[in-house]
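Student: Before I ask anything, here is the structure I am working with.
The values are calculated or read from the model by the stated rules, or taken from the named source; none is laboratory data. This structure is a prediction, so every number in the text was calculated from the model and none was measured. Cβ: placed from backbone, ideal geometry, glycine included. Neighbour counts: every protein chain shown. Just so you know, the surface numbers come from the protein's heavy atoms only, side chains and all, with ligands and any DNA or RNA stripped out. Shrake-Rupley method; radii C 1.70, N 1.55, O 1.52, S 1.80 Å.
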Amino acid sequence: MRVEIWAEITCPWCGLGAHRLHRAVERFEHAERVEVVHRSFPLGGGFPADRTVGVREALRSNHGIGGDEAEAATRHIEELAASEGLSPYRVLDNQVANTDRTHEFLAHASAEGRNRSAWDAVFRAYFGRAQPVFALDDLLELADELNLDRARTRQALVERRYDSQVRADARRARQLGATGAPFILVDGRYGVPGAQDSETLLGLLRTAWDESRPATAVPAGGAPVCEPAGCAAPARD
């Protein structure tokens, strides 16, 4: 069974949502039969490509949220993350920027067989260490952490080799009905918006698994049944 999750790397609900999904899969009775695939849903195209902006400034200028309201909203997410094993999880004191290059790095890492580990590394660097993950040098450091070939990674990013794939990922998410991130697709049939809790996701995994597997037939053992040719009489002792 395949589970796909679309995310934006600067979205705090995405980092938490990915963590919750993996916790649900770990608890699932058929975890070894589940493939989790991370996909890109860039939402930071309006930010500058050559510099970072503080989260406080971005909330104030883009959403009109500031002061105590911004503190309360982001601290709530940080506390939720801490209660679920993600600590530190830094939101308000972080930086945001255009994420296109970051998503292209993730697509390159995925092509090199590092889908889960690359997304984990980016979330860990960004939310765990409040480390920028936008510039070429930032991403090459992550390539070293993931044991990716630095020269090949640089070339892929400079040539924008994965730009079309990132845009295709986002387009598919919108076709599936996603209007924001995170967005999860379970078994190609169940679209789930938002950072659902692990218990909800576990229940959905079980439902999708049961619905995709036919019931196992057991021998009738002499019990009377009706068939197209007629009804069998009960067996006599």
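Student: So if I take the centroid of the Cα atoms in region 1-35 and the same for region 172-212, what is the distance between those two points in Å?
Tutor: Using only Cα atoms to place each centre, the spacing works out to 10 Å.
Student: Please compute, over every Cα-Cα pair in the chain, the percentage with a separation greater than 34 angstrom.
Tutor: 26
Student: Rounded to whole Hz and in sequence order, give me ³J(HN,Hα) for region 92-99 from the Karplus expression 6.51 cos²θ - 1.76 cosθ + 1.60, θ = phi - 60°, writing x for Gly and Pro.
Tutor: Residue by residue, region 92-99 yields 5, 8, 9, 10, 10, 6, 4, 9 Hz.
Student: Please work out the Kirkwood hydrodynamic radius for region 1-78, using every pair of different C-alpha atoms, and report it in angstroms with one decimal place.
Tutor: This gives a value of 14.8 Å.
Student: Continuing with the same structure: 222 nm [θ] for the chain, helices only, -39500 (n - 2.57) per DSSP H run of 4+, per residue, to 500?
Tutor: Counting only the DSSP helices, I get -14500 deg cm²/dmol.
Student: Also, quick follow-up: Using +1 on the beta carbon of Lys and Arg, -1 on that of Asp and Glu, and nothing else charged, what's the dipole of region 1-132 about the Cα centre, debye to 20?
Tutor: In debye, rounded to 20, region 1-132 gives about 200.
Student: I would also like to ask the following. Around Val37, which amide H atoms from residues at least 5 apart in sequence, or from another chain, sit under 5 Å from its own amide H, with H modelled in the peptide plane?
Tutor: Val3, Glu4, Ile5
Student: Across the chain, where is the longest run that never hits GluC sites (Glu not before Pro) in a DSSP loop with at most 13 other C-beta atoms within 10 Å?
Tutor: 30-158
Student: Moving on to the next point. Pull up the DSSP beta bridges for the chain and report the antiparallel fraction as a percent, rounded to 5.
Tutor: Close to 65 percent.
Student: Moving on to the next point. Test of understanding: what is the full-extension gain from Arg174 to Ala111, defined as 0.36 nm times their sequence separation minus their Cα-Cα distance?
Tutor: 20.4 nm
Student: Accessible area, 1.4 Å probe, largest first: how do Ser40, Ser87 sort?
Tutor: From most exposed to least exposed: Ser87, Ser40.
Student: Of Asn147, Leu59, Gly177, which is farthest on the positive side of the dipole of the chain, counting Cα position, with +1 on Lys and Arg Cβ, -1 on Asp and Glu Cβ, and the Cα centre as origin?
Tutor: Value: Gly177.
Student: Using the eigenvalues of the Cα gyration tensor, what equivalent ellipsoid semi-axes result for region 116-213 when each is taken as the square root of five times the eigenvalue, whole Å, largest first?
Tutor: 31, 17, 13
Student: Next question, about the same structure. Positive end of the charge dipole of the chain (Lys, Arg +1 and Asp, Glu -1 on Cβ, about the Cα centre): tell me which of Val158, Pro88, Asn98 has its Cα farthest that way.
Tutor: Val158
Student: Could you work out how far helix 67-83 tilts from the main Cα principal axis of the chain, as a 0 to 90 degree angle to the nearest 10?
Tutor: With rounding to tens, the tilt is 50 degrees.
Student: Can you give me the long-range amide H partners of Ala181? Hydrogens built in the peptide plane at 1.01 Å from N, cutoff under 5 Å, separation of 5 or more residues or another chain.
Tutor: It is none; the list stays empty.
Student: So what are the ³J(HN,Hα) numbers for region 180-187, from phi and the Karplus equation (6.51, -1.76, 1.60; θ = phi - 60°), rounded to whole Hz, Gly and Pro as x?
Tutor: Values per residue, Gly and Pro as x: x, 10, x, 9, 10, 10, 9, 6 Hz.
Student: Accessible area per residue for region 1-115 in Å², computed with a 1.4 Å probe and the full protein assembly in place, what is it?
Tutor: 46
Student: Here is a further query. How large is ³J(HN,Hα), in whole Hz, for each residue of region 108-116 in order, when computed from phi with the Karplus curve 6.51 cos²θ - 1.76 cosθ + 1.60 and θ = phi - 60°, using x for Gly and Pro?
Tutor: These are the phi-based 3J(HN,Hα) values: 5, 4, 5, 5, 8, x, 10, 4, 5 Hz.
Student: Non-local amide H neighbours of Val96 (under 5 Å, H modeled in plane, Pro and chain starts lacking H): which ones?
Tutor: Val53, Gly54, Val55
Student: Can I ask one more? Given Cα positions, please report Rg to Rh for region 31-160, the hydrodynamic radius being the Kirkwood one.
Tutor: 1.00
Student: Can I ask one more? With +1 on the Cβ of every Lys and Arg and -1 on the Cβ of every Asp and Glu, and nothing else charged, how large is the dipole of the chain about its Cα centre, in debye rounded to the nearest 20?
Tutor: 520
Student: Report, to the nearest whole %, how much of the accessible area of the chain belongs to carbon and sulfur atoms, 1.4 Å probe, protein only.
Tutor: Roughly 49 percent, rounded to a whole number.
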